[in-house]
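In what follows, a structure is listed as structure tokens, so that the remarks can point back to it.
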């Protein structure tokens, strides 16, 4: 699959400027991160929690969702969020990919490519694997967004740490525990 960068977050920003939301872009943006593996018996309950968090974000005025394409939990978020565009056609869902080989390295790469193809666009966060790419993705989410949804298993992971950092930065940080 070829990546289409025509609708990347930069294009999203241009749409915001045209819509007059430029000053409020960060306030209108929600970042999502999650590396956690989700046990099969918990997928439905996690999907329900994702659905609830999406509803909260939309009620808070978020319409730009930047999803760190960093693992199974964020992939599940993306798959759950895509159908929301039917009811909320003005929302934009962007994937933030750690580095250009990342998707091909994943066990379920076909699932990742299907989800990626349904987004409004993508942003490649790094040109190559620096080893700390997920940290870079999470930092970019914090820079772009005033709200963060972190999906994790409660362990001391990058995802849990970025949720704590968002709180320290006085951003709205919502956590979904797997």
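Any read-out appearing in this document is the output of simple, stated calculations on the displayed coordinates, not a laboratory observation. Please read all numbers here as calculations on a predicted model, not as lab measurements. We place every Cβ from the backbone using ideal geometry, glycine too, and count neighbours over all the protein chains shown.
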Inset, instruction - Rank the residues 124, 96, 169 as a footprinting-exposure proxy: fewest other Cβ atoms within 10 Å of their Cβ go first. - result: 169, 124, 96
Legend entry - Per-bin percent of Cα-Cα distances, region 72-155 [10 Å]: 15, 48, 33, 3
Inset, instruction - Could you work out the Rg to Rh ratio of the chain, with Rh taken as the Kirkwood radius (inverse of the mean 1/r over all Cα pairs)? - result: 0.93
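Counting other C-beta atoms within 10 Å, which of 105, 94, 79 has the fewest, and how do the rest follow?
Least crowded to most crowded, the residues run 105, 79, 94.
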